[in-house]
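Shown next, in structure tokens, is the structure this report addresses.
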Amino acid sequence: MFDDFLVRAGLAGLGVAFAAAPLGCFVVWRRMAYFGDATSHAAILGVALALATDLPVFAGVLATALAMALIVSALAGRRVSSDALLGVLAHASLALGLVAVSFIKGVRIDLEAYLFGEILAVTARDLAVIWTGAALVTALLVWRWQALLTSTLSPDLASASGISPRREQVILTLALALTVAVAIKVVGALLIAAMLIIPAASARPLARTPEAMAGWAMLIGGLSALGGLAGAFHFDTPAGPSIVSCAAAFFALTAALSPVFKQG
């Protein structure tokens with residue numbers, strides 16, 4: 001089964017979609033699109049750190065993504081507006097990562113694979129990492145779903161109910177960092193945020209409850225992964241961008257049909 005590279009690629013895409021889609025709902029609800037960008041762009045810096053220290057790439061990316069997410073959470077709202085801070089950190093971390101990679105000698109680096117993904121080269125070991133990470137993210141979200149939802153809808157209500165919005169923010173940050181580390185092999189640092197946001201935004205017109213929106217987002221994310229792979233195979237296009245393009249097509253379709261869903 002795992003000798004077929006397309007089967008491995010499809011399973012990898014599904015794993016990333018199932019982790020990213022429900023998390024993306026919280027990114028959309030909290031208007032954290034730039035937050036996702038900053039965290040994902042820091043992944044390149046993590047790749048450089050891993051190659052320079054002989055650590056696994058997954059470990060380096062997870063460490064830097066988590067560090068970036070925590071830095072953004074700590075600095076948000078202090079003197080600089082949140083969107084400006086996130087814009088600076090997103091582009092600065094990507095630039096620093098690319099510069100750091102250029103200083104690493106004796107290691108051949110395919111930057112395009114880290115920027116746009118290399119899903120067709122996924123190995124059985126990569127699959128184990130992707131699905132383990134996806135399972136951890138899903139379990140974390142299921143465990144904290146109600147608390148995360150309450151703190152998202154109303155921080156004051158969450159505090160009154162004994163829920164710490166700050167703690168839930170840290171949990172969401174951890175899940176986001178883990179998703180970035182899992183997804184970099186599949187769609188690359190530049191497209192991770194798209195897989196977080198687009199399926200969730202596409203699901204919004206279809207759902208009447210938060211749980212339904214997460215379910216629809218997972219379905220759309222999974223179909224985007226498989227549809228993008230099929231398109232890449234038949235039209236000889238890059239796999240990562242093809243997956244995101246397929247997700248964007250779903251968004252255009254649900255946005256166009258949004259008045260119909262509202263009437264229903």
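The values are calculated or read from the model by the stated rules, or taken from the named source; none is laboratory data. If you're wondering where the values come from, they're calculated on a predicted model, not measured in any experiment. We place every Cβ from the backbone using ideal geometry, glycine too, and count neighbours over all the protein chains shown. Surface areas here come from the heavy atoms of the whole protein model, side chains and all, with no ligands, DNA or RNA. Shrake-Rupley method; radii C 1.70, N 1.55, O 1.52, S 1.80 Å.
Where nothing but the Cβ of Lys and Arg (+1) and of Asp and Glu (-1) is charged, how large is the charge dipole of the chain around its Cα centre, in debye to the nearest 20?
Result for the chain is approximately 700 debye, rounded to the nearest 20.
Per residue Cα convex hull volume for the range 1-142, in cubic angstrom?
Each residue corresponds to 120 Å³ of Cα convex hull volume.
Once the other residues with Cβ under 12 Å from the Cβ of Gly24 are scored (Lys, Arg +1; Asp, Glu -1), what is the net sum?
With Lys, Arg at +1 and Asp, Glu at -1, the neighbours total +2.
Simple spin-label model, 7 Å along Cα-to-Cβ: Leu153 to Ile104 in nm?
Spacing of the two 7 Å Cα→Cβ label points: 4.5 nm.
So between Phe5 and Thr132, what do we pick up on full extension, going 0.36 nm a residue minus the alpha carbon distance?
Gain in length upon complete extension: 43.8 nm.
Please give, to one decimal in nm, the separation of the simple spin-label points placed at Phe261 and Thr123, each 7 Å out from Cα toward the Cβ.
4.0 nm
Using helices alone, I'd like the mean residue ellipticity at 222 nm for the chain: each DSSP H run of four-plus residues gives -39500 (n - 2.57), total over residue count, nearest 500.
-27500 deg cm²/dmol
May I ask you to derive the relative contact order of the range 30-161, considering only C-alpha pairs under 8 Å and at least 6 residues apart, and to give it as an integer percent?
26 percent
Could you report the range 172-264's accessible area per residue, 1.4 Å probe, as an integer in Å²?
Roughly 42 Å² per residue, with all protein chains present.
According to the square roots a ≥ b ≥ c of the eigenvalues of the Cα gyration tensor, what is the shape class of the chain, taking rounded for a/c under 1.5, prolate for a/b larger than b/c otherwise, and oblate for the remainder?
Oblate is the answer for the chain, as a/c is 1.5 or above yet b/c matches or exceeds a/b.
Using a 10 Å cut-off on Cβ atoms, rank the peptides 152-164, 62-74 from the highest mean neighbour count down.
Peptide ranking by packing, descending: 62-74, 152-164.
If I ignore ligands, DNA and RNA and count only protein heavy atoms, how much of Met32 is accessible to a 1.4 Å probe, in Å² to the nearest 10?
20 Å²
For the peptides 34-46, 116-128, 242-254, what is the packing order when you average, over each peptide's residues, the other Cβ atoms within 10 Å and list the highest mean first?
34-46, 242-254, 116-128
What nm value, rounded to one decimal, do you get for the distance between Thr209 and Ala139 when each label is placed 7 Å out toward the C-beta?
2.5 nm
Name the most mobile residue of Gly60, Gly188, Gly87, meaning the one with the largest mean-square fluctuation, in a Gaussian network model of the chain with Cα contacts below 10 Å.
In this elastic network of the chain, the residue with the biggest mean-square fluctuation among Gly60, Gly188, Gly87 is Gly87.
With a 1.4 Å probe and every protein chain kept in, tell me what percent of the accessible surface of the chain is carbon plus sulfur.
Whole-percent figure for carbon plus sulfur exposure: 67.
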